[in-house]
Amino acid sequence: AFINVKGAAIGNGWTGPRYQYDVSEYAFGHGLISEGQMRYLKKLNEKCLQKLDEKNYSSEACFRLLDDVVNNSWSKSKSVCMYDIRLYGN
């Protein structure tokens, strides 16, 4: 059977947790976090990768990687949007 998926939307897609949890270099490169925060997140990513190797895809270490970036990106009482860094929300 042929299924035409041209234009299909993925939404909040989750394709590769080993690569999607760690956003430290991206956040640092866009000025959202400091170099010290990036080093901290790199260490946290090592713990996250251990959990992923154990097939634990919902560990606190992994969730904190993105949450810490969002929580530390506050500017004028608003944090960066985790889906689009050009946007800030409450």
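The values are calculated or read from the model by the stated rules, or taken from the named source; none is laboratory data. Remember, predicted model here, so these are calculated numbers, not experimental data. Positions of Cβ are backbone-derived with ideal geometry, glycine not excepted, and every protein chain shown enters the neighbour counts. All accessible areas refer to the heavy atoms of the entire protein, side chains included, with ligands and DNA or RNA removed. Shrake-Rupley method; radii C 1.70, N 1.55, O 1.52, S 1.80 Å.
Would you kindly state how much longer the chain becomes between Tyr26 and Asn72 on full extension, computed as 0.36 nm times their sequence separation minus their alpha carbon distance, in nm to one decimal?
So the chain would gain 15.2 nm between Tyr26 and Asn72.
Quick one: if the Förster radius is 22 Å, what FRET efficiency do Lys47 and Val5 give, using the C-beta to C-beta distance and rounding to 0.05? Mind dumping the intermediate values first?
On the way: r = 36 Å, r/R0 = 1.66.
The formula returns an efficiency of 0.05 here.
Given (1) 78; (2) 63; (3) 54 as candidate values of percent of Cα pairs over 15 Å apart, which corresponds to the one derived from the coordinates?
(2)
In whole percent, and with a 1.4 Å probe on the protein chains, what portion of the accessible area of the chain is carbon and sulfur?
52 percent
Hey, can you grab everything whose amide H is under 5 Å from the amide H of Cys81? Only 5+ residues off in sequence or another chain; H modelled, so Pro and N-termini drop out.
Here the answer is Leu87, Tyr88, Gly89, since their amide H atoms fall under 5 Å of that of Cys81.
Please report the accessible area of Glu46 (heavy atoms, 1.4 Å probe, ligands and nucleic acids excluded) in Å², nearest 10.
120 Å²
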